[in-house]
Each structure stands twice: as structure tokens, then as C-alpha cells.
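The values are calculated or read from the model by the stated rules, or taken from the named source; none is laboratory data. Computed from a predicted structure; not experimentally measured. Ideal geometry is used to build each Cβ from the backbone, glycine not excepted, and the neighbour counts take in all protein chains shown. Surface areas here come from the heavy atoms of the whole protein model, side chains and all, with no ligands, DNA or RNA. Shrake-Rupley method; radii C 1.70, N 1.55, O 1.52, S 1.80 Å.
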Amino acid sequence: MKNNLCRQKTGVADSFRYFCRIYGKKMKIYSHTEPFELESGKKLGHIDIAYHTFGRLNESHSNVIWVCHALTANSDVADWWPHTVEYGRFLDPEKYFVVCANVLGSHYGTTGPLSTDPLTGEPYYGDFPEFTVRDIVNVHRLLAMHLGIVSVELLIGSSLGGFQCMEWCVMCPDFARRVALIATTPVTRPWAAAFNESQRMAIEADAGWGTRSPQAAMAGMAAARSIALLSYRGGRAYDLTQADDDAGGTDNAATGSRTLFCRRVHSYQRHQGDKICGRFNAYSYYRLSQAVDSHDISRGRGTIADVLGSVRAKALVVAISSDILFPPSDHRELAEYIPQVEYHQIDSDFGHDGFLIEHEKLNTIILKFLQS
């Protein structure tokens with residue numbers, strides 16, 4: 001089944017909102033009109049939460065799968081996770097009621113830096129407050145209450161999505177009967193945080209950073225994304241997919257000359273930078289990277305062993321062999337301390353992005369987990 005993308009721009013804060021989705025589903029917005037207090041103590045006047053649903057809720061409300069998305073994804077899981085929202089797959093809309101909500105601070109409909117600050121009547125931009133993964137989950141909990149969902153059959157997330165799943169299982173131990181934690185970690189370690197800080201430095205180095213514009217620091221964000229891609233793919237994936245067709249450089253048809261300084265991977269890095277600038281904003285990118293760095297499942301709660309030991313959901317933990325951002329070693333504590341746990345490692349050349357690319361392997365593992 002081919003998922004066709006239909007985008008409609010409706011202004012600065014609403015740009016890139018997704019409509020005309022598969023199965024006729026559209027992005028919905030739940031507006032929570034009460035003040036929302038962040039973990040920092042700062043408050044947002046109200047929260048808009050963008051979300052998609054697929055399938056139908058059964059009478060007993062026992063067929064819910066809640067998907068938590070990664071850094072720059074959106075609530076339309078059928079758009080960014082290929083071959084998952086399909087018949088016979090683990091997000092089968094004929095069997096399950098699938099919910100995915102856009103995270104706080106993002107570009108895709110949930111309240112973020114391009115949203116209007118009710119105190120000023122203008123977009124927040126750089127004034128949007130810092131927030132944590134726990135804040136993201138508390139926003140999702142508001143939506144769950146609005147939808148009348150008190151428990152789910154499966155809570156699933158990869159990368160930052162996995163962070164959210166862990167937090168939710170600790171905050172609300174009876175919310176998920178099962179949880180799938182993919183390419184993730186119980187704490188953002190210095191190695192991953194270093195990548196994020198380098199990306200923020202690239203954004204800060206852009207002369208447009210800090211200007212009150214949705215186009216601020218686009219060049220800096222492009223450079224940041226090129227840094228991120230290194231951590232998402234790793235050397236093996238780059239060497240497999242970005243090798244030059246020959247060893248002799250690149251021909252220039254206009255001049256008849258040949259340059260030895262233009263490599264296929266150069267254009268790939270720039271292309272990825274251009275892509276993120278076409279669909280995101282630097283203020284959201286900056287704040288979301290800080291939220292990633294805030295992640296520590298044990299912060300203020302005791303030891304990692306004790307906190308993970310409190311998880312009541314039956315857990316599936318999936319690592320990717322070549323992931324350098326959250327390597328298999330980051331999954332050991334999850335597999336060791338969660339009481340009911342099943343561990344798998346996917347052999348892949350595509351690094352952290354393997355959770356998007358190896359959907360066939362992942363589908364096999366998750367379907368067996370759901371049926372066990």
C-alpha cells in the first residue's frame with residue numbers, strides 16, 4: 001500500500017501540517033485550555049496537541065496501540081514509519097486503534113516555538129521554555145484522558161520515542177500492558193549528548209540565530225542535521241550507500257573539467273540539510289535536542305535498577321547491531337532490570353536509522369511479541 005502525502009500550508013505556525021492521510025484520517029488537534037506547568041516550574045498558557053488515529057476503538061477499549069515518535073517526526077506514523085500501518089503488520093488498523101501524538105515543542109501542530117504566546121500575541125520563537133521528556137509524556141497523558149484511554153495494549157517507541165515510553169511506564173505503571181523499546185536507552189549518555197551539543201553549537205553559530213523569524217538559523221540547522229546524520233547512520237552505512245561510482249572525482253559537463261574535491265557524500269550531507277530546512281524550524285530543533293539531553297529515567301527516583309524494576313508492563317527491548325548513538329550496550333540495563341522482558345538484537349548495516357529501514361525484521365519480532 002502506498003502512502004501518498006498531501007500537505008497544506010496554512011500560515012507560519014501551521015506550516016507542514018499533514019492532511020488527507022491514509023484511510024481518510026486527518027490530523028486532529030486537542031486544545032487543553034488550562035495552564036500547563038513544566039518540570040522547570042515555568043507555565044504555558046494552554047497546550048494544543050496534534051495527533052493522528054488509525055483504525056477503530058473496540059467496545060472494551062482493549063485494542064489501543066500508542067506510538068511515541070522520535071526527534072523530528074510527526075503524528076502521522078504512516079508517513080514516517082514505512083510498511084507498519086498496514087494490514088497484517090504490527091500497527092494493523094483493521095485490528096488496532098493506533099494513536100500517535102506530536103511531541104511538545106515540535107513543528108507539526110503541538111504547541112512549540114512557532115506557536116503564539118498568549119502573553120505577547122506573537123510567536124514564542126527563542127522564548128519558548130526548555131522542557132523535558134517527562135513534560136512531553138505529561139502532555140500525551142492529557143490527550144489520553146481526552147480520548148478516554150486509560151490503558152493500552154502496546155506502548156511503542158524508538159529513540160526519543162523509547163524515552164517517552166519508559167517515562168510513561170514509570171509514571172503510570174498500569175497504563176501499558178506491553179511496551180516495546182527500540183533503539184533507545186535509559187539515560188542519555190555523554191556520547192549522545194555530545195552530538196546534540198555540537199548541533200546546537202552549529203545553530204548558535206548562524207548569524208540569524210535569535211532573530212524572531214520562522215526562518216531563523218536555517219544554515220545552522222542544516223549543518224546541525226548533517227552532524228546528526230553521522231550519528232544516525234555510522235561509518236558502515238555511509239561506506240555502503242555513499243561510495244563514489246569511480247575513484248576519479250566528478251566531471252563538470254559545462255567546463256569539461258574534472259574535480260577531485262567533490263564526493264557523492266558531500267552532496268548527500270547538503271541534501272539532508274536542505275531537507276530539514278524545508279520541513280522544520282531551528283527553535284524546535286534546538287529545544288528538542290535539549291529535551292533528549294534531559295533524559296534520565298532514574299533522575300530524582302533512585303537507582304536505574306530500582307526504577308526499571310518498577311515497570312509492570314511486559315517489555316520488548318530491541319537493539320540494532322550497528323547503532324552508534326544508542327548501541328546495544330545501552331540496552332543491557334533495560335534487558336537486565338525490567339522484570340518481564342524479551343530482548344532482541346537486529347543485525348543491520350544502517351545504524352540507529354535501522355529502526356526505520358529494517359521494518360520487515362522489526363515487524364516479525366513485534367508481531368510475535370503481541371501474540372505471545
Practice prompt. Work the Kirkwood hydrodynamic radius out for the chain: mean of 1/r over every pair of different alpha-carbon atoms, inverted, in Å.
Written response: 21.4
Worksheet item: Hey, what D do you get for segment 317-366 in µm²/s if you plug the Kirkwood alpha-carbon radius into Stokes-Einstein at 37 °C and 0.692 mPa s?
Response: 297
Worksheet item: Ignoring ligands, DNA and RNA, how do Leu142, Leu91, Leu240, Leu119 rank by accessible area with a 1.4 Å probe, largest first?
Response: Leu119, Leu240, Leu142, Leu91
Fill in: Choice from Asp244, Asp323, Asp349 showing the highest fluctuation, given a GNM over the chain with Cα pairs closer than 10 Å
Asp244
Discussion item. I'd like the accessible area for Tyr337, computed on protein heavy atoms only with a 1.4 Å probe and all protein chains in place. Round to 10 Å², please.
Written reply: 80
Worksheet item: Dividing the convex hull volume of the Cα atoms of segment 103-239 by its residue count, what figure in Å³ per residue is obtained?
Response: 136
Fill in: segment 185-231-segment 98-173 distance, computed between alpha-carbon centres (Å)
21
Worksheet item: Most fluctuating residue of Val341, Val133, Val179 in a GNM of the chain with Cα springs under 10 Å: which is it?
Response: Val341
Fill in: Accessible area (Å², per residue) of the chain, counting only protein heavy atoms and a probe of 1.4 Å
43
Response to the item:
For Ile320, the residues 5 or more places away or on another chain with a placed amide H closer than 5 Å to its own amide H are Ala183, Ile346
Worksheet item: Remind me, relative contact order of the chain in percent, using alpha carbon pairs under 8 angstrom and six or more residues apart?
Response: 16
Worksheet item: When the helices in the chain are scored as -39500 (n - 2.57) per DSSP H run of 4 or longer and the sum is shared across all residues, what 222 nm value do you end up with, to the nearest 500 deg cm²/dmol?
Response: -10500 deg cm²/dmol
Worksheet item: Considering the dipole of the chain built from charges on the beta carbon (Lys and Arg +1, Asp and Glu -1) around the Cα centre, which of Gln215, Ile65, Tyr337 is farthest to its positive end?
Response: Ile65
Fill in: Most mobile of Cys262, Cys100, Cys165 in a GNM of the chain (Cα contacts under 10 Å)
Cys262
Worksheet item: Regarding segment 282-366, what are the three Cα extents along the principal axes, ordered largest first, in Å?
Response: 39, 37, 19
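Using the crude model of +1 on Lys and Arg Cβ and -1 on Asp and Glu Cβ, and no other charge, please compute the dipole size for the chain relative to its Cα centre, in debye to 20.
Its charge dipole is roughly 640 debye.
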Worksheet entry | Apportionment of accessible area to carbon and sulfur, the chain, percent (1.4 Å) | 52
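Going from most exposed to least, what order do Trp191, Trp168 have by accessible area with a 1.4 Å probe?
Reading off the accessible areas and sorting them downward yields Trp191, Trp168.
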Worksheet item: Which of rounded, prolate, oblate describes segment 27-184, given a ≥ b ≥ c as roots of the alpha-carbon gyration tensor eigenvalues and a/c under 1.5 marking rounded, otherwise prolate only if a/b is larger than b/c?
Response: prolate
Worksheet item: Which value, in Å to one decimal place, does the Kirkwood hydrodynamic radius take for segment 50-138 when every pair of different Cα atoms is included?
Response: 14.5
Item to complete: Alpha carbons only, please: Rg and Dmax for segment 127-178, in angstrom.
Response: 11.4, 38
Response to the item:
The answer for the net charge of residues other than Leu38 whose Cβ lies under 10 angstrom from its Cβ, with Lys and Arg +1 and Asp and Glu -1, is -1
